[in-house]
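I have placed the structure first, in the form of structure tokens, so that the comments after it can refer back to it.
The values are calculated or read from the model by the stated rules, or taken from the named source; none is laboratory data. Fair warning: this is a prediction, and the values are worked out from it, not measured in the lab. Cβ: placed from backbone, ideal geometry, glycine included. Neighbour counts: every protein chain shown. Accessible surface areas use protein heavy atoms only, side chains included; no ligands, DNA or RNA. Shrake-Rupley method; radii C 1.70, N 1.55, O 1.52, S 1.80 Å.
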Protein chains: 2
Amino acid sequence: MPRTPPQCPMDSILRLLMGPWTTHIIWVLSDQGPQRFGVLKRAVPGISTRMLTERLRMLQRAGVVWREQAETIPPAVTYGLTPRGNDLRGVLDAMGEIAERWKTEGVFEGDDLGGAASPNSRL
Amino acid sequence: MPRTPPQCPMDSILRLLMGPWTTHIIWVLSDQGPQRFGVLKRAVPGISTRMLTERLRMLQRAGVVWREQAETIPPAVTYGLTPRGNDLRGVLDAMGEIAERWKTEGVFEGDDLGGAASPNSRL
DNA sequence: TAAAGTAGGGACGAAAAAGTAACTATAAAA
DNA sequence: TTTTATAGTTACTTTTTCGTCCCTACTTTA
């Protein structure tokens, strides 16, 4: 991400959501309710421990998720959405609705969307 | 972005929007109407020609923007939102609303949101 | 006795993303 | 006549991201 010097709250929220797995994590927490770390990891297939930890920390710093650690000996940590996190549910729903519609319209057929397709891909 | 093998339309739409400048570009086209390349570039301060071109091409492939080239000698190219592009306006508005609210709540004060803050930042 | 699960932390390195600079063509303006 | 503008493309280089592997400490299970 470039050095946008933005002061623009939109930009901040985008940098928050834009990370690779972020919305997926929020979605799971919103849909399945609070979950423990391991369950969450299994619910987001393909994510690495490192990534999941990092994203959760970041969402926590933003006040979007809470973290509750039980000081038992194999520690049990649970994450959930704060009210602020629930604010995001609307955005996610709106996106999901569009995604559904576009899918029925066949937008995602030859799906080479998203990447910096041309310059340095697969060198 | 990792190799999400997703088949999930949400994922496709996220990969579409997630690029660094993408939403900003869409926002400008939605707010100011169709614009020529140069104007657009000036409206998204900090973006490089390369990036702007690439993002526009991608949005075009997704059917979100249209491109109209006048074959005059200094070529004049205009970009605008398709109806599909306008679908996204709602999502953007929803995000903008939240962003406003969070700003008044002071969420973005020590703004180190978004990045992979811990491991390799600023080495 | 050894292995597995829990919730991570840290180092390393490959790969991807994005900035910079240089180049294209032609016409109009200075 | 040199410069400027348009809308890019291409090559080169740097920066950032993210996956992989190894480590923790303790308990329960096989």
Mind checking which residues of segment A:32-47 are part of a loop (DSSP other than H, G, I, E, B) and either within 14 Å of another protein chain (Cβ to nearest Cβ) or charged (D, E, K, R) (or both)?
A:VAL44, A:PRO45, A:GLY46, A:ILE47
Here the residues within segment B:82-108 that are over 17 Å from A:ARG89 (Cβ atoms) and either touching a residue at least 12 places away in the same chain (Cβ under 8 Å) or touching a Ser or Thr at 6+ places or on another chain (Cβ under 7 Å) (or both) are B:THR82, B:ARG84, B:GLY85, B:ASN86, B:LEU88, B:ARG89, B:PHE108
Of the listed residues (B:THR78, B:THR22), the one being among the hydroxyl-bearing types (Ser, Thr, Tyr) and in contact (Cβ under 8 Å) with a residue 40 or more places away in the chain is B:THR78
Leading residue by the ranking (nearest to DNA strand C (Cβ to nearest atom)) among those in segment A:74-88 that are open to solvent by 30 Å² or more (accessible area, probe 1.4 Å) and facing chain B (nearest Cβ under 10 Å):
A:ARG84
Of the numbered conditions (1) surrounded by fewer than 16 Cβ atoms within 10 Å (Cβ to Cβ); (2) at the interface with chain A (Cβ under 8 Å from one of its Cβ atoms); (3) under 15 Å from the mean Cα position of the chain (by Cα), B:ALA62 satisfies every one except a single condition; which is it?
(1)
Checking the structure you have, find out if any residue of segment A:90-100 is facing chain B (nearest Cβ under 7 Å), within 19 Å of A:THR22 (Cβ to Cβ), touching an Asp or Glu at 6+ places or on another chain (Cβ under 6 Å) and surrounded by 14 or more Cβ atoms within 10 Å (Cβ to Cβ).
yes
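Results for (1) exposed (fewer than 13 other Cβ atoms within 10 Å of the Cβ); (2) among the polar types (S, T, N, Q), shown as yes or no for each residue.
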residue	(1), (2)
A:MET10	no, no
A:VAL28	no, no
A:GLN35	no, yes
A:THR49	yes, yes
A:GLN69	yes, yes
Does segment B:2-13 contain at least one residue that is among the charged types (D, E, K, R), within 14 Å of DNA strand C (Cβ to nearest atom), under 30 Å from A:ARG89 (Cβ atoms) and within 9 Å of chain A (Cβ to nearest Cβ)?
yes
